[in-house]
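Below: the structure, in C-alpha cells.
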Amino acid sequence: MSQIIVIKIGGNAVAQLPDSFFQQLAQWRQQGQQILIVHGGGPKISQLSQKLHLAVKKIAGVRVTDEATLELTKAVLLGLVQPELLSKLSAHDLPVIGLNAGCNHLLRGHYLNQNIYGEVGVVDQLNSNWLTPVLNRQIGVLAPLAQTADGHWLNVNADTAAAAIATKLNAKKLVLLTDVPGVLSAGEVLPELSQQKAHTLIATDVIKSGMTPKIKAAFAALNQGVQQAFITDDLTHTGTAFITQKAGMAQ
C-alpha cells in the first residue's frame with residue numbers, strides 16, 4: 001500500500017502554519033510516510049500583479065496568465081513562497097528539499113486552453129522514478145509549475161496540480177490545506193461530501209467559485225485511485241472528507 005501523502009498548501013495558509021502542522025509532519029515521517037507538499041502563492045501573485053499594473057483575472061478559480069504574469073508567478077513561487085516554506089520546515093528540524101518542474105524533467109504539462117487562459121497548463125507527466133527515492137529521504141516542497149516537452153513553463157492551478165501528482169504517485173491521501181476549516185454550507189463545515197451533493201451545492205451557488213477547483217481536484221484524485229481526500233485548515237482535523245458514490249453507498 002502506498003505511504004505517500006500529498007499536501008497542497010494555499011498561499012494564505014503558508015503565512016500562518018501552526019505548530020501542529022509541523023508536529024503532524026514529523027509524526028507521519030516517524031510512521032514511515034513519504035510527504036510531498038505542493039504550494040500555491042495566489043495572494044502574493046495578485047498583490048504584486050496589482051503593484052506592477054498587471055491585470056488580475058480568474059475564470060472559475062483559474063488565473064488567466066499572460067507572459068508577464070507567468071514570469072511574476074515563477075518569481076513569487078520559486079523566489080518568495082517556496083524559500084519561506086522551506087525555512088519554516090527546516091526551523092522545525094524537518095528534512096526538506098525544494099523542487100520545481102526543471103528538476104530532472106519532474107513535471108511535464110500541456111496547455112489548458114491557450115486562447116482562454118494563456119500560459120496555463122495541465123500536468124500530464126511526473127518523473128516519479130526520480131521523485132520517489134527523494135521522498136524517502138526528505139519532504140518535497142514543489143511549486144505548481146509545469147514544462148512543455150520543448151521546455152516552455154506553464155502556470156498550473158495548485159489544487160489541480162496536487163490532485164494530478166497525487167494520482168500519478170498513487171498516493172494514499174490528498175490534503176488540500178486552506179484558510180477555511182472545510183467546505184461550508186450555511187456556515188457549518190460539511191464532514192463529508194459526495195460528488196452528487198457537491199454538484200448541487202455548486203449549481204446553487206452555496207459553494208463559491210474559489211472553492212470549486214479544490215472540490216473538482218479532490219474528486220478527480222479519488223476517482224483515479226487516491227484513497228482519501230480532504231479539505232481542511234488543520235492537518236490534525238479532517239475538515240471535509242470527500243467520498244465517492246461507491247464509498248458513500250458502502251457506509
* To do: Among what's in the range 81-97 and is touching a Leu at 6+ places or on another chain (Cβ under 9 Å) and open to solvent by 40 Å² or more (accessible area, probe 1.4 Å), pick the residue that is nearest to Tyr117 (Cα to Cα).
  => Ile97
* Can you name the strands (runs of 3 or more DSSP E) wholly within the range 146-210 that have at least 2 residues being open to solvent by less than 20 Å² (accessible area, probe 1.4 Å)? -> 153-155, 173-177
* Asked: Among the residues of the range 50-66, is there at least one that is among the hydrophobic types (A, V, I, L, M, F, W, C), open to solvent by less than 20 Å² (accessible area, probe 1.4 Å), modelled with pLDDT under 90 and touching a strand residue (DSSP E or B) at 6+ places or on another chain (Cβ under 7 Å)?
  -> no
* Checklist (1) at negative phi; (2) exposed (fewer than 15 other Cβ atoms within 10 Å of the Cβ); (3) over 15 Å from the mean Cα position of the chain (by Cα); (4) not in a helix (DSSP H, G or I) applied to Pro133, failing item -> (4)
* For the range 88-129, which residues satisfy the criterion of being part of a helix (DSSP H, G or I), polar (S, T, N, Q) and within 19 Å of the chain's Cα centre (by Cα)? -> Ser128
* So which residues in the range 189-220 are at pLDDT below 90 and polar (S, T, N, Q)? -> Thr204, Ser209, Thr212
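Per-residue answers, yes or no, for (1) under 16 Å from Leu36 (Cβ atoms); (2) among the acidic types (Asp, Glu):
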| residue | (1), (2) |
| --- | --- |
| Glu71 | no, yes |
| Leu77 | yes, no |
| Val96 | yes, no |
| Leu106 | yes, no |
| Asn115 | no, no |
| Gly118 | no, no |
| Thr132 | yes, no |
| Val141 | yes, no |
* Can you tell me which residue in the range 115-141 is farthest from Arg29 (Cα to Cα), limited to those that are touching a residue at least 60 places away in the same chain (Cβ under 8 Å) and touching a Gly at 6+ places or on another chain (Cβ under 8 Å)? -> Leu131
* To do: Could you tell me whether any residue of the range 32-53 is over 17 Å from the mean Cα position of the chain (by Cα) and aliphatic (A, V, I, L, M)?
  => yes
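The values are calculated or read from the model by the stated rules, or taken from the named source; none is laboratory data. Predicted, not measured: the structure shown is a model, and the values here were computed from it. Virtual Cβ from ideal backbone geometry, glycine too; neighbours counted across all protein chains shown. All accessible areas refer to the heavy atoms of the entire protein, side chains included, with ligands and DNA or RNA removed. Shrake-Rupley method; radii C 1.70, N 1.55, O 1.52, S 1.80 Å.
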